[in-house]
Amino acid sequence: MTSFEELISTANVLVDHKNYPEAILQFTSAIDKTDIPEQEIDIYNTIGRLHIALQNTNEAILSFEKALETHQSLSEEKAEKLSVNKATILNNLGLITLNSNVKLAIKHHKEALAIFTKAEEKKPKTFTLHLANTHYSYGDACYFKKDFFMAKKQYKDAITVYKIITDDHSTQPLIANAYYNLGNIYTDEDNVFDARNNYLKALKIFRALAEEQPKAYKSLVAATFNNLAVTAKTMYKYTDAITYYENALKEYEALLIQDRNTFLPFYAATLNSIGIIYTEQHEIKDDYASEGLSGFSGFGTLSVDNIKDEKKEKASQFQKEKAITYYGQAIEIYNELADKEPEVYTHYVATCLHNLGVLYDEKEDYKTAEEHYEKALGIRRFLAEKQPEAFNLDTCVTLLNITTMYQNLLEKTGKIGFKAESLKILKEIEGRLSIYGDSEKPILLSMKSDTQYFTRYFNEIDAEYLDVLDRFGMADAITEKINETLVPIEKLKLQKDIVNLMFVLKEKYPKNKRIQTELLNSYTQYAWFALRSNSLLVAEKAIENGFKIAPHSLSLKANLAHLYLVQNKTKKAKEIYLSIKELHNDENESFKKVLETDLKVLKNDDVLKSQNIDTILTAIIT
């Protein structure tokens, strides 16, 4: 007959050879050979750990519970003596029940923590590692339950205790992981500063560990760089974010040599993330990205501002090109991955194609933009047919982006064909959104609102609209020239061209209210430039024509008051100034401030002499 000692010896040999099923049988037989509770507890705990290794969760729980039952049968003296054994079993139960019953897992770790804390107080530095590990596991359970306050406390306590064991290099990975998890919690709490600080601490340790064991820790270095990039992006530190992502890329490039299949998706995701950074850095982004979907009176422009604008535009174009490059690389990899696992990676291809469409759209390369939108749309329609809940809204996003692009093209080219194409697209969007009924989700309400707006817009498009749009475009071009010159008489001549454009349009479309508004605005500006040029008859006629459209226009009244002041009709001017100074214009600017500025401009233009305006300014200001 096989003795207890022989069974234990055989079981240990089987464990060494990783033959866990047979080892479990031997340990189980050994239980029948002993009536010593201490041995039974140890064996049940060992069997539980072997079941964990075999992923036999239920059997492992059963073994640990038997160990606890046996411990409960001990005398008070023996139970106290074996309390740390009980704490170890409780921690094992906490770890294995975490996913199925997090409240129970927390209860187990909390009880274990109390035992190890007491034991450590009695015998300092004897159970330090066990105490630190329990804090760590307790923190994991609280994090899983989203009890961030307690999770942070336990991780911080774990780090403090781990640092006591200064001569044990094995605690460094645990300290790094604790810092990393703290970074994750602070990220979840939108506390980006503390998140960054903890990630940096984790990174320092992980990099040191990776020098010694690259296979074990390089992936954690890459992951930490990625998280630091996300944090930097949230803080609008785009340059830092790109640097962190590029460091992550270098780590993943090395990891690809080690295990291409495992790390290629991470490499592609990082490329895509850098593309997003270059995109968002200049606000070239999809309006719906934040919803988690598989993701609009100057006196002349100084030359230095033009230079700044040119530099900004060059920088913007550079960023766009960089984004295009990274998206292109990401698409190439996602295509490779999608060939092997289409159900997992095809939608990533669509997202990158859509993002490229947005970029080319922003670059006004509409042909290339349309090509990428259509490719993304084809994939998203296919995916939405199979999984509408997952990809229907993504499809709507691309359709809406195409609609916006067609609106721009219609207004730029005047080609009416874009109307029919857009209305067809909008009909599809309406159908796709109808399946959600009266849902109040913000993303759905936003899409429905945009769809209604574009439907009204394109339905109202006709020959008159396009003709007006074309003339307004001409007026905008003249306005740019007006803003480029500082000479009032030159501004006046150019503004006359705008007045003539608007007058012809009003004669052609007399019922168009928008034209009437723009004609009024053009007369107001014409009168102002005439005043600045000391062309008083021109100013008087412009004000007269403006009042025919809007007899109560406050801006025209202001110009009339300026005219009276220049004509030395001070009393009339002052009456008007005092009547409107407490009012506001259409831009909600106080007329008191506007009038004060206007008078100073007229003084600088040498139209008014200082003695004419001192009393007026005093009346306006007081």
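The values are calculated or read from the model by the stated rules, or taken from the named source; none is laboratory data. Not measured: the values here are computed from a predicted model. Here the Cβ positions follow ideal geometry from the backbone for every residue, glycine too, while neighbour counts run over all protein chains shown. Side chains are part of the model used for accessible areas, which takes the heavy atoms of the whole protein and leaves out ligands, DNA and RNA. Shrake-Rupley method; radii C 1.70, N 1.55, O 1.52, S 1.80 Å.
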Checklist entry - Restricting attention to the stretch 3-50, and to residues there that are open to solvent by 70 Å² or more (accessible area, probe 1.4 Å) and touching a Ser or Thr at 6+ places or on another chain (Cβ under 9 Å), which single residue is farthest from Lys78 (Cα to Cα)? => result Glu22
Item to check | Failed item, numbered, when Phe206 is tested on (1) over 20 Å from Ala141 (Cβ atoms); (2) open to solvent by 40 Å² or more (accessible area, probe 1.4 Å) | outcome: (2)
Next on the checklist: So the check is Cβ under 7 Å with 6+ separation or different chains; which pairs have a first residue in the stretch 390-403 that's modelled with pLDDT of 95 or more and a second one that's surrounded by fewer than 23 Cβ atoms within 10 Å (Cβ to Cβ) and aromatic (Phe, Trp, Tyr)?
Outcome noted: Val397/Tyr288; Thr403/Phe454
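Among the listed residues Asp190, Asp194, Asp147, Asp167, identify the single one that is among the acidic types (Asp, Glu), modelled with pLDDT under 95, touching a helix residue (DSSP H, G or I) at 6+ places or on another chain (Cβ under 9 Å) and more than 23 Å from Ile89 (Cβ to Cβ).
From the options Asp190, Asp194, Asp147, Asp167, the qualifying one is Asp190.
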Item to check | Checking Thr262 against (1) of a type in the set (Ser, Thr, Tyr); (2) over 24 Å from the mean Cα position of the chain (by Cα); (3) within 28 Å of Phe318 (Cα to Cα), the condition it does not meet | outcome: (3)
Checklist outcome for this item: Picking from Asn272, Asn247, the residue that is touching a Cys at 6+ places or on another chain (Cβ under 9 Å), farther than 19 Å from Asn181 by Cβ, of a type outside the set (A, V, I, L, M) and part of a helix (DSSP H, G or I) would be Asn272
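Of the residues Gln516, Gln495, which is in contact with a helix residue (DSSP H, G or I) (Cβ under 7 Å, 6 or more places away or on another chain) and open to solvent by 20 Å² or more (accessible area, probe 1.4 Å)?
Of the residues listed, the single one that is in contact with a helix residue (DSSP H, G or I) (Cβ under 7 Å, 6 or more places away or on another chain) and open to solvent by 20 Å² or more (accessible area, probe 1.4 Å) is Gln516.
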Next on the checklist: Only one of Lys574, Lys548 is surrounded by fewer than 20 Cβ atoms within 10 Å (Cβ to Cβ), at pLDDT below 90 and of a type in the set (D, E, K, R). Can you tell me which?
Outcome noted: Lys574
Item to check | Residues (buried (at least 21 other Cβ atoms within 10 Å of the Cβ) and of a type in the set (S, T, N, Q)) located in the stretch 94-110 | outcome: Thr97
Checklist entry - Hey, any hits in the stretch 578-598 for a residue that's in contact with a Lys or Arg (Cβ under 6 Å, 6 or more places away or on another chain) and modelled with pLDDT of 90 or more? => result no
Checklist entry - What residue, of Asn534, Asn568, is at positive phi, surrounded by 14 or more Cβ atoms within 10 Å (Cβ to Cβ) and assigned to a loop (DSSP other than H, G, I, E, B)? => result Asn534
